[in-house]
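Presented below is the structure to which this report refers.
The values are calculated or read from the model by the stated rules, or taken from the named source; none is laboratory data. Remember, predicted model here, so these are calculated numbers, not experimental data. Note that each Cβ is placed from the backbone with ideal geometry, even for glycine, and that neighbours are counted across all protein chains shown.
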Amino acid sequence: MSSNDLLYGNRTSGGAHGDVFTAPEVVQFMLDKARYTSDSNLRDVSILEPSCGEGEFVIEIAKRLMISAVNFNFDAETAFRRNVHAYDIDADKVEVCRDRLRQLGYKAVENIKVADFLIANTEKTDIVVGNPPYIRYENIPKDILEHCKQKFATFHYRSDLYVPFFEKSLSLLKEGGRHCFICSNRWLKNEYGKKLRAYIAYSYQLQLIINMEGANAFQEDVLAYPAITLISAEAPKGTLQYAETDDIRNLNMLVTAHKPMPSGVDWTETFLPNASCSELYTIEEQGYKIGIGVATGADSIFISDKLPNEVENELIIPAISGRDLRGNQLDWLKKYLLNPYNTDGTLIDLDRYPRAKQYLESHRERLSARHIAKKTPSRWYRTIDRIMPVLQAKPKILLPDISGNTFVFVDEGKYYPLHNIYYITGQPIKELKVLATLLMSDFVRTQLASVTNRMNGGFARWQSQHLRKLRLPDIKTISEDDIQALLNGYSKRDIHTINSIVEKILATPIKQPSRKTYSTLEPTLQFVH
């Protein structure tokens, strides 16, 4: 058993968590981008691999160094010992790496060390390259977790272990140094990558992002959704290059787009194809409101098809969840939500509702054990979120969190959304159906795929944080003819027609003056190196 097995446990595929080895084509491409090439004089170039495994990067580095030594007449052995450094916690894998180096002809390989890079004393370097370990927050051992919380400012929320690997290795770059990692792309978009994004945007130049969600960049099939990032230790300025590919054989033929260098925690414009268009607006800028369904803290008690037989009818509301919206069909499972609140938001007096009182009292032990109830024991039968019955009657777009649906449902006011449903309200039913139609278009689905992290199965997530980033045509400026064409496409579920009309709308100049938009900027986070 390797030390990785002992520390992090095994994946369902059988390999240890953290052990995902990079394909040779990707290794070569990354070293090229980091400018560690054999046609350059590498005698004095220092390079670091912080999680070397069996040596995919180290071996390619050693080969390039030998060729450079011949080309520029220096001793490869001396340069390797002085300038190449690598770490891994797994002694067995380090020994495999050392044996491979010996087979190449290197004698002194003690600079390939068995050590935890996050704790090791390390020196400044010209280049960092590698594939850091992917260890989810819940799999990080407690002692390492505490070390990360204390030592790394970017270790935020439920960070993966690769986040502190980024921070420490970036901090080791010499001025002008280059950093090239292949890693899960989660940190580029989600909450736990927020502080790492700010750290890079404030302190470094982001040179290149290659998003490789559909590519197999590793030596086994893993759902890693990788991205290659190239970062340099210089003041941030100008633009970065961005590309996407689903085939590693295309890496050297990619056409990159110039994107603005991000200046804070939100890198949305890097991924949105038309984010800067002055005639596109967010959903909320157009007067809609985005929300998420109610969380109860005890769904099996507050949500049931048996509630009409258990409690007073005036306390129950027809409820809808993602399970009711499958396969592009709305098939209501006749579940109801128990509402323990008065219209003013206060909890009901159970003595006024004897059936509800008997029902809730029968579940009191479980309800009282919830964290929300322990904070205020007298309110033991409250739900986590307050229930507002007026929401049921409002027309609203319903968006299951994770869904393979191509159709977007509009509820005319029959149901109350539960916690795995995001909803959009704020406009009459006609405008909501137009918005739902736009959300079905390839134009919007491409944006959604760009700003979200795909889940297993390849589905993007309709989450409020992502919905707020989408840019759409101003619905109030769309001609009535195009509105009717969109609504006809919606009623027939005709995606081809919808896409054609959306393309026409996007190509039509807006005659009215652009509305003024506003954005909320988060304060810049500052870090001390």
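When I292 is tested against (1) at pLDDT 95 or above; (2) within 28 Å of T22 (Cα to Cα); (3) of a type outside the set (D, E, K, R), just one condition goes unmet, and that condition is (2).
Quick one: what pairs do we get from the stretch 231-254, first residue within 15 Å of S203 (Cβ to Cβ), second in a loop (DSSP other than H, G, I, E, B), C-beta under 7 Å, 6+ apart or different chains? From residues that are within 15 Å of S203 (Cβ to Cβ), the pairs are I231/Y204; S232/Y204; A233/Y204; P236/Y204; P236/M261; K237/M261; L240/M261. Within the set E49, E77, E60, E54, the sole residue that is surrounded by 14 or more Cβ atoms within 10 Å (Cβ to Cβ), modelled with pLDDT of 95 or more and in contact with a Cys (Cβ under 9 Å, 6 or more places away or on another chain) turns out to be E54.
What is the residue count in the stretch 369-384 for residues that are out of contact with any Gly (no Cβ under 7 Å at 6 or more places or on another chain) and more than 14 Å from F302 (Cα to Cα)? Matching residues across the stretch 369-384 total 9.
Tallying residues that are within 30 Å of K394 (Cβ to Cβ) and at pLDDT 85 or above within the stretch 255-288 yields 10. Per the listing L360, L333, L347, L338, the residue uniquely closer than 19 Å to H419 by Cβ and surrounded by 15 or more Cβ atoms within 10 Å (Cβ to Cβ) is L338. Counting only residues that are modelled with pLDDT under 95, part of a helix (DSSP H, G or I) and not hydrophobic (A, V, I, L, M, F, W, C), the stretch 333-373 holds 1 of them. Annotation note: of D385, D481, the sole residue that is of a type in the set (D, E), in a loop (DSSP other than H, G, I, E, B) and either over 22 Å from E213 (Cβ atoms) or assigned by TED's automatic domain parsing to the domain that holds I303 (or both) is D385.
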